[in-house]
Amino acid sequence: MIRRVPAILAVVAVLAAYAFFASYGTFDFRRVNWDTPYSTGGGRLYASQAEGFRRGQISLAYEADPVLARMHDPYSLDERFKAGVGYVWDASYFEGKYYIYFSPLPVLMFYLPYRFLRGAYPPDALVGVFFAAWAFLMIVLTTRRALAGRKLFVPLAVWILLIGLGNVIPFSLGHVRVYQVAILTGMAMSATWAYSLLRFAETGRIRHALWMGVWLALAIAARPNLGILLLVVPFTISLRDRRAWAAFIAPLAIVAVGLAAFNYARFRSFTEFGHRYQLTMISMAGHRVCGIRSIPELIRFFSNTMHYVSWAPAFRHEFPWVDITPNRVDQAVSFPGSVDAMIGVGPLNPLTLIASAIAALLAFSRRAFDAGTRAGLRILAGSWLIVFGLAVCWYVLARYSLDFMILMTGGAAIALEAGFAFFAEAGVAVRPLRVLTVALAFYSIVVGVCIGFIGPHGDFRRENPELFEKLSAALTPETP
């Protein structure tokens, strides 16, 4: 039991950090009404969707201004501005009603149960903490199980801290809206899929194939781009195992039918999620937001991949010492006005790149690996597929990295431990590699924590200036 104390403390520290950053250091998550606006503007779209469900409607509880219905093109920002009409930003507007272009999964899993138990709605920040904690704990369980029974070259507590904090979760929790909730929900579902993948690799049982299907279906429901993880499954389930495939496919089919029916009920189309009717900066009708069908879009793919993998932050002497820099995308093939904060997984968590190189070496070694290592390599490969899937789309944001970063870090921990064992068996001195790994892990943990004090829009400093200034005064070194 004593040996588990560092790991337990590491888990507690990560969960406390999530709550700290999401509440701007107050640990206060007060209930809200569905229509309570944010201090910086914007509506609570998920709470409004939950309220709509409570009223027996599939549209949001927000009522659309009748002026929108009389406009020639309500999806034109200029026309809305000239008309002086009020509207819900980034909602989907169709036939006089508002919808969201996100899955209702978070509403069903958290908002409605919370409303039933507490009599009001949770702030989006609390929902973000819940799903971030879910994803973190599932990847920790996956990593711990995959590494069970073997000598660890790096303490488990270090891996836990790296999984929890060596990413953009602290950064993203500083500004939780409908977008972050959807992404964090998908992250939690894909993390649980990773655990079920490991369990199937260990047992080959039908029930674990079923759970793989359940959690991947829910991940796709929350974030459709996570459907690219389907490419990993044939390397996990034998093509000859028909029963396992049937168990895996069944929940995917059920969720797909449910989503298609929900889409049709809202937009009279099985495949329309609402992006076409989005009230945003431009009219979305006719825009191709993902894909590679031209040379400019191919160049965009390489540029976006570079952003997700290697976009570097700036370092400063003032607290919090790290400054995430704006992206630089080609406006001709990207969302207009899409300049936003970005940091690549390599500069933030260099061990993921090192582990990926080691994973490739292990894969080409043609050695027989245990179930935990096989699962870890597949999870790591799946995270890279997500990167490339994101890179074909026209919007590049730090929060999108949540789709793959925690999966990538868990897979990296498993691959690195397997690599250490491989090198040790080959007679390579691994102590210097272990020291380097721990040093890089703590670098990533520190950077991850530091960017939590920035947030996408400097929210921590704005919402709790007193605490921020105290920390800044205590931690900023004097200039000569």
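A short reminder: the numbers here are calculations on the coordinates, not readings from a lab. Computed from a predicted structure; not experimentally measured. All Cβ positions, glycine included, derive from the backbone under ideal geometry; neighbour counts span all protein chains shown.
Which angle between 0 and 90 degrees, to the nearest 10, do you get for helix 124-146 versus the longest principal axis of the chain when only C-alpha atoms count?
That helix lies at roughly 20 degrees to the long axis.
Pull up all non-local amide H partners of MET342: gap of 5 or more, or a different chain, and H-to-H distance under 5 Å with H placed in the peptide plane.
Here THR325, ASN327 satisfy the definition.
Quick one: 3J(HN,Hα) in Hz for the stretch 404-409, Karplus 6.51/-1.76/1.60 with θ = phi - 60°, rounded, Gly and Pro as x.
10, 4, 6, 4, 5, 5
For the stretch 39-105 and the stretch 272-314, write down the distance between their C-alpha centroids in whole Å.
Cα centroid to Cα centroid, the span is 23 Å.
What's the extension gain from ASP73 to ALA16 if we count 0.36 nm per residue and subtract their Cα-Cα distance? Don't skip to the end; give the middle numbers.
Working: separation 57, 0.36 × 57 = 20.52 nm, distance 4.71 nm.
Once the chain is fully extended between ASP73 and ALA16, it gains 15.8 nm.
Extending each Cα 7 Å along its Cβ direction at VAL428 and ILE58, get the distance between those two points in nm, one decimal.
Result: 5.5 nm between the two label points.
Please give the net charge around VAL178, taking every other residue with its beta carbon less than 9 angstrom from that of VAL178, where Lys and Arg add +1 and Asp and Glu add -1.
With Lys, Arg at +1 and Asp, Glu at -1, the net is 0.
Per q in 0.19 1/Å, what log10 I(q)/I(0) does a Debye calculation on the alpha-carbon atoms of the stretch 345-387 return?
With one equal scatterer per Cα and no solvent, log10 I(q)/I(0) is -0.59.
Relative contact order for the chain: what is it in percent, counting Cα pairs under 8 Å that are at least 6 residues apart?
21
If you add up the charges near GLY213, with Lys and Arg at +1 and Asp and Glu at -1, over every other residue whose beta carbon is less than 15 angstrom from its beta carbon, what do you get?
Charge balance in the 15 Å sphere: +4.
Here are several values of Rg/Rh (Cα atoms, Kirkwood Rh): [x] 0.99; [y] 0.97; [z] 1.08. Which one was derived from the coordinates shown?
The listed entry that was calculated here is [y].
Would you please give the residues with an amide H less than 5 Å from that of MET284, counting only those at least 5 places away or on a separate chain, with H modeled from the backbone geometry?
Long-range HN contacts for MET284: GLN278.
Remind me, relative contact order of the stretch 1-70 in percent, using alpha carbon pairs under 8 angstrom and six or more residues apart? Kindly include the intermediate steps, with their values, before the conclusion.
On the way: 37 pairs, mean separation 10.1, N = 70.
Reported relative contact order: 14 percent.
Could you tell me the calculated FRET efficiency between TYR38 and ARG243, based on Cβ-Cβ distance and R0 = 45 angstrom, to the nearest 0.05?
After rounding to 0.05, the efficiency reads 0.35.
Rank THR325, ALA439, MET342 by how far each Cα sits towards the positive end of the charge dipole of the stretch 305-453 (+1 on Lys, Arg Cβ; -1 on Asp, Glu Cβ) and give me just the farthest.
Checked the options; the winner is ALA439.
Could you calculate the contour length gain from ALA260 to MET306, that is, 0.36 nm times the residue separation minus the distance between their Cα atoms, to one decimal place in nm?
13.1 nm
With Cβ to Cβ distances under 9 Å as the rule, what net charge do the other residues near ARG145 carry (K, R +1; D, E -1)?
+1
Angle, helix 465-475 long axis vs. longest principal axis of the chain, Cα atoms, 0 to 90°, nearest 10?
It is inclined by approximately 30 degrees.
Got a sec? How would SER92, SER238 order by Cβ neighbour count within 10 Å, fewest to most?
Exposure proxy ranking, most exposed first: SER238, SER92.
Just subtract the alpha-carbon distance of ILE8 and VAL289 from 0.36 nm times their residue separation and send over the number in nm, one decimal.
Full-extension gain reported as 96.8 nm.
Search the structure for amide H atoms under 5 Å from the amide H of VAL32, placed 1.01 Å from N in the peptide plane, and list their residues when 5 or more places away or on another chain.
Result for VAL32 returns TYR121.
Rg (Å, one decimal) plus Dmax (Å, integer) for the alpha carbons of the stretch 61-188?
20.8, 69
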